[in-house]
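Derivation of every value follows stated rules applied to the coordinates shown; laboratory data play no part. This structure is a prediction, so every number in the text was calculated from the model and none was measured. Note that each Cβ is placed from the backbone with ideal geometry, even for glycine, and that neighbours are counted across all protein chains shown.
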Amino acid sequence: MLVVEVEKKLGGFTLNAPFVSEGGCTVLFGPSGAGKTSIINMIAGLMKPDRGRIVLDDTVLFDKNAGIDLAVWRRRIGYVFQEGRLFPHLSIRHNLDYGRWMGGHPADPAAFAQAVALLDIGHLLDRRPGKLSGGERQRVAVGRALLMKPRLLLLDEPLASLDSGRKDDILPYLVRLRDEAKVPMIYVSHDPNEVRRIASRVMRVEGGQVTATGGAELVN
């Protein structure tokens with residue numbers, strides 16, 4: 001379970017969006033500039049809250065009053081950015097293995113094969129990122145994050161740079177990830193159709209505040 005209770009001054013407003021995620025795919029839904037990415041950056045440790053606390057299962061990631069601010073690499077959180085951020089000089093096989101190395105894990109051929117099969121990227125392993133479509137690059141980015149063996153997976157509008165056809169191609173893989181990998185996901189989006197397909201629970205974020213929580217009906 002993830003518990004987030006933080007505040008952060010951001011430009012013209014103060015972000016104060018407490019919520020609890022109990023697994024599955026929790027979507028932070030709302031307009032651009034609402035603070036959604038800032039929330040997951042604080043969970044990941046890429047941005048420091050002004051006050052509050054963040055707890056993942058039995059681990060306190062951040063607690064202002066207690067002086068706790070766990071380093072990014074110690075949080076065991078996978079992060080998938082909008083543009084994938086693959087290493088252009090490495091093959092897809094080595095891009096994937098970088099996730100395992102970053103997580104500090106020994107080689108695990110079974111886990112590697114499972115991630116490759118889940119995301120259907122076996123035919124891409126010997127290519128370079130420059131030879132892949134946008135949707136293929138995002139599937140590889142998800143696989144790299146998954147091979148870190150994270151306790152939590154953060155996805156910051158991972159389909160935002162794709163056209164509607166590419167989105168339709170990759171969404172089934174993200175649904176499989178939600179249902180089969182059993183890794184809790186926090187998913188940022190402002191696309192209603194995307195949210196309806198992926199969300200286990202929706203948190204509507206507007207102006208730095210959680211204005212509603214519930215199911216996919218919140219995107220209507």
Residue satisfying condition, being closer than 26 Å to residue 90 by Cα, in contact with a strand residue (DSSP E or B) (Cβ under 7 Å, 6 or more places away or on another chain) and of a type in the set (A, V, I, L, M, F, W, C), within set 142, 205, 210: 142
Filtering segment 70-92 for residues that are free of Cβ contacts under 8 Å to residues at least 60 places away in the same chain, surrounded by 15 or more Cβ atoms within 10 Å (Cβ to Cβ) and outside any loop (DSSP other than H, G, I, E, B) leaves a count of 1
For segment 25-48, which positions are part of a loop (DSSP other than H, G, I, E, B), closer than 20 Å to residue 220 by Cβ and either touching a Pro at 6+ places or on another chain (Cβ under 8 Å) or not hydrophobic (A, V, I, L, M, F, W, C) (or both)? 30, 31, 32
Residues (touching a helix residue (DSSP H, G or I) at 6+ places or on another chain (Cβ under 9 Å) and of a type in the set (Val, Ile, Thr)) located in segment 64-113: 72, 77, 80, 92
Give me the residue from segment 65-83 that is of a type in the set (A, V, I, L, M) and touching a Pro at 6+ places or on another chain (Cβ under 9 Å) and, out of that set, farthest from residue 47 (Cα to Cα). 80
Considering only segment 105-138, how many residues are part of a loop (DSSP other than H, G, I, E, B) and either among the hydroxyl-bearing types (Ser, Thr, Tyr) or surrounded by 20 or more Cβ atoms within 10 Å (Cβ to Cβ) (or both)? 2
Checklist (1) surrounded by 14 or more Cβ atoms within 10 Å (Cβ to Cβ); (2) in a strand (DSSP E or B); (3) touching a residue at least 12 places away in the same chain (Cβ under 8 Å) applied to residue 9, failing item: (1)
Against the condition in contact (Cβ under 8 Å) with a residue 24 or more places away in the chain, touching a helix residue (DSSP H, G or I) at 6+ places or on another chain (Cβ under 9 Å), crowded, with 23+ Cβ neighbours inside 10 Å and not in a strand (DSSP E or B), how does residue 141 come out, does it pass? yes
Residues located in segment 52-61, provided they are touching a residue at least 40 places away in the same chain (Cβ under 8 Å), surrounded by 14 or more Cβ atoms within 10 Å (Cβ to Cβ) and out of contact with any Leu (no Cβ under 7 Å at 6 or more places or on another chain): 52, 53
Can you name every residue in segment 191-211 that is of a type in the set (Val, Ile, Thr) and in contact with a Ser or Thr (Cβ under 9 Å, 6 or more places away or on another chain)? 195, 198, 202, 205
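A quick yes/no check of all residues on (1) buried (at least 22 other Cβ atoms within 10 Å of the Cβ); (2) in contact with a Gly (Cβ under 9 Å, 6 or more places away or on another chain); (3) assigned to a helix (DSSP H, G or I); (4) aliphatic (A, V, I, L, M):
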| site | (1), (2), (3), (4) |
| --- | --- |
| 158 | yes, yes, no, no |
| 161 | no, yes, no, no |
| 165 | no, yes, yes, no |
| 187 | yes, no, no, no |
| 196 | no, no, yes, no |
